[in-house]
Every structure is written in C-alpha cells, then in structure tokens.
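First the structure, in the form of structure tokens, and then the observations on it.
The values are calculated or read from the model by the stated rules, or taken from the named source; none is laboratory data. Since this is a predicted model, take the numbers as computed values, not measurements. Here the Cβ is made from the backbone with ideal geometry for all residues, glycine too, and neighbour counts use every protein chain on show. In case anyone asks, the SASA skips ligands and DNA or RNA and just uses the protein heavy atoms, side chains included. Shrake-Rupley method; radii C 1.70, N 1.55, O 1.52, S 1.80 Å.
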Amino acid sequence: MDRQALTDQLKQQARSLGFSLAGVCPAVSPLGLVHFDEWLARGYAGEMHYLRDRRESYEHPRHVLDGVRSIVMLAMNYRTAEPAMPTPGQGRVARYAWGTSDYHDLIHERLHRLADWLREGHPGASVRGVVDTAPLMERDLAQLAGLGWIGKNTLLLNRDAGSYFFLAALLTNLELTIDSPHTADHCGTCTACLDACPTDAFPQPYLLDASRCISYLTIEHRSQIPEELRPGIGNWLFGCDVCQEVCPWNSRTPQSELVEFTPTPDSNPADAVALFDLDDDAFREKFRHTPLWRSKRRGLLRNAAIVLGNHPIAAGVAALAHGLHDAESLVRGGCAWALGNYDAADARPLLESQRDCETEPEVRQEINAALVRLAHEPAFQPTPLR
C-alpha cells in the first residue's frame, strides 16, 4: 500500500470510530513553544505545576513516541443537547462532562482500536494514541494538520465543527501523507469571547490567564478559590462554556451521534444542594468514571458552596450547615463564605457555633470574614442566572 492510500484509509477508519475530523502533520517541534514559555513565566498556569515540571518534554513529539515521524490529529465532537437554564440551587456543568463516561476512557478505547488496525497492516510499526495527558501541544499540532485555527479564546476553531470537540493524537513512526496547515484566522474583529468572560480571564486576545478561568478554578485549582473571583463563578459547578457559547462559529455546529455524550438527567443542570448528602463512598459510586471525578469530592462541594452562595435559596441553608461540619477544610471554608451571603438570622448562629470549634486557621478566617459581611454589608444581591 502506498503512502497516500494508507493515509486515506487511516482517516476513513478514524471516522468510522467516531472521530469527526482527521488530519496529518509531521512530527516537529511546535511553533507555539515560545508562547508557552512566556505563558508559564507570567504565572498563568496557576497551580498546574506539572506543566512546568515537564516543560522539556513539550519540545518535540519524540518525547511521547521515540522515532515518531507522523502524527494523525483527530477531533471528536461532543455537542449534544442544548444547556437547560438552571434554577436557584442548581449548578451548570460544562457540556463535555454531561455524559455517562469519562471522555479519556472512551477516546482511548477507540485510539487503541485505530492503533491495532494500523499495526495489523504494518507489523512492527510503532504507534501510540494519546488524549489530553501526554506532553503534546495538541492545538498547535492540530492547526499544523489543517484542522482549524487557534481562536482568541485560545481554543481550536473549525469553520464547520466550531469548538465543541475533543482533540486526540495518534503518533507513528510510519511516513504518512502530510496535510496542509491551516494558516487563516477567521475570528476577524469579533471579541465576543473576550467580552463575555465572567472573570476577565483574557488579558488580551489569544492569551488565557488560566488562574482566572472558571474551568481551571472549578476543576484544576485545589485550594480555596480567591474571594474576588467567587462572584464571577456564578452558577458554574464544574467547568465553563461561556467563551464557546458566545462564539459565532458554534451557532450551527453538528451534534454528536455518540450516546456516551448525551446528558444524564442530573447533569444539565446539576443539583448543587443534593451534593452535600454524598459521603466519600456515594461520591465515588456516582462520579468515579465521569469527568467530575477530576475535581474530587472536596473540590466539587467547594464549587457547590460557591454556587449556593451566589444564588441563596432556603434549601441552601441546611446544605451549607451540613457542609460547615464536613471533614474537608476546603468544603467548610467554602460553606462559611456562602453563608455570609444569606440572611443573618439564619447564618450567624451557624457560623458562630462552628467558629468556636474550628481548628483550621483558613476556615476560621473565612468564618470571621463572613460574620463581618453579615454585620456590615447590605443585603446580598445574587448573581443573575444565565
């Protein structure tokens, strides 16, 4: 089989496995590496120290697969239903996390099948499929493979597919036919994504300060979310889609045919109050094989407390009171902050009682700050639902 025929058949096989886009690029050092270094130097990676720790591995794809010559960049569409408007007490979950499976598991399984297909025709070939976790600059490589351009919100955009898709890569030492890189930028003068960000996470077009991004804050950030950013979280419980929702290129993108991405009954939106009833075992059973496992129980309950603090409801008092006695200090601190946005008659006794027995200094600080707000600030105005 000649190189072009192999490449064509490989792409066709990828599409049969559910990948909506496929392109091939050479295994070269990514052009965006210098911008990556600048981004790290500015501290925009937040607590994602693993990015700096393995910085050298990003220099060339050979650090992912020794002897690699070609990279098949793949996209899998995950757009399904439209977001349902949450009511107070509910939190929004990013579209990619609505389904019953962790996308890593789903895509890895299909990458394994694609790799096996390639090895069957070329015994001895080196092949490795990766999604998200390997030190690859996927967006740069996808642009080099002709899949789209990197937009002002720093996501890869495609004229037909928008940005609601996962990226994956199949690396091989085989020589494949290379696609032309995508050189045009179709964002034009549009700044919708930059203007809509609730936490002002874009210092400038094409540059994201992850330490202010709601997706980072609700998933990757392991400590208490900075107080000044909590109102901007709004009702986002896990992740954020704001910069994608306002993007014109996402207005008419196709829907995924994969049932694994269809939202479960309690994901679009999710019940923030009910999360406080989950102990470690119940949380593991419910979320172990879903993307929400990434934030762990303590992170998700911290987020739920912020959602309930931004949109106070009667049922929130009991949930937050329960969380105020949680074994995790991260949860207790989040609940203390949230109660500071409730009616003083309900919240003050709960906070004062917990302050008397609280041993964690950071949680005591959150309790004291909440009590000060209850004593001196006017009635809290909830963040508008959207």
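Having 2 or more residues that are of a type in the set (S, T, N, Q) and in contact with a helix residue (DSSP H, G or I) (Cβ under 9 Å, 6 or more places away or on another chain) is the bar; report the helices (runs of 4 or more DSSP H) wholly within segment 1-58 that clear it. Before the answer, list the steps.
On the way: elements: 3-16, 33-41, 49-53.
Per the criteria, 3-16.
Among the residues of segment 247-269, which ones are of a type outside the set (S, T, N, Q), assigned to a loop (DSSP other than H, G, I, E, B) and open to solvent by 60 Å² or more (accessible area, probe 1.4 Å)?
Going residue by residue through segment 247-269, those that are of a type outside the set (S, T, N, Q) are 247-249, 252, 254, 257-261, 263, 265-266, 269.
So of that shortlist, the ones also assigned to a loop (DSSP other than H, G, I, E, B) come out as 247, 252, 254, 257-258, 263, 265-266, 269.
If the condition is that a residue be of a type outside the set (S, T, N, Q), assigned to a loop (DSSP other than H, G, I, E, B) and open to solvent by 60 Å² or more (accessible area, probe 1.4 Å), then 252, 254, 257, 265, 266 are the ones that fit.
Please tell me if residue 19 is among the hydrophobic types (A, V, I, L, M, F, W, C), crowded, with 20+ Cβ neighbours inside 10 Å, farther than 20 Å from residue 242 by Cα and under 21 Å from the mean Cα position of the chain (by Cα). Write out each step before concluding.
Values: among the hydrophobic types (A, V, I, L, M, F, W, C): yes; crowded, with 20+ Cβ neighbours inside 10 Å: yes; farther than 20 Å from residue 242 by Cα: yes; under 21 Å from the mean Cα position of the chain (by Cα): yes.
The answer is yes for residue 19.
Condition first: assigned to a loop (DSSP other than H, G, I, E, B), open to solvent by less than 20 Å² (accessible area, probe 1.4 Å) and either without any contact (Cβ under 8 Å) to a residue 24 or more places away in the chain or more than 12 Å from residue 47 (Cβ to Cβ) (or both). Now tell me which residues in segment 210-235 satisfy that.
If the condition is that a residue be assigned to a loop (DSSP other than H, G, I, E, B), open to solvent by less than 20 Å² (accessible area, probe 1.4 Å) and either without any contact (Cβ under 8 Å) to a residue 24 or more places away in the chain or more than 12 Å from residue 47 (Cβ to Cβ) (or both), then 234, 235 are the ones that fit.
Give me a count of the residues in segment 1-59 that are touching a residue at least 40 places away in the same chain (Cβ under 8 Å), among the aromatic types (Phe, Trp, Tyr) and farther than 22 Å from residue 69 by Cα.
So the count comes out to 3.
Please work out if residue 171 is open to solvent by less than 20 Å² (accessible area, probe 1.4 Å) and in a helix (DSSP H, G or I).
Values: open to solvent by less than 20 Å² (accessible area, probe 1.4 Å): yes; in a helix (DSSP H, G or I): no.
Here the answer is no, as residue 171 does not meet what is asked.
Quick check: is even one residue across segment 188-205 open to solvent by 20 Å² or more (accessible area, probe 1.4 Å), more than 25 Å from residue 102 (Cα to Cα), of a type in the set (Val, Ile, Thr) and free of Cβ contacts under 8 Å to residues at least 24 places away in the same chain?
The answer is yes, given that some residue of segment 188-205 is open to solvent by 20 Å² or more (accessible area, probe 1.4 Å), more than 25 Å from residue 102 (Cα to Cα), of a type in the set (Val, Ile, Thr) and free of Cβ contacts under 8 Å to residues at least 24 places away in the same chain.
What number of residues in segment 61-119 are open to solvent by less than 10 Å² (accessible area, probe 1.4 Å) and in contact with a His (Cβ under 8 Å, 6 or more places away or on another chain)?
Selection size over segment 61-119: 1.
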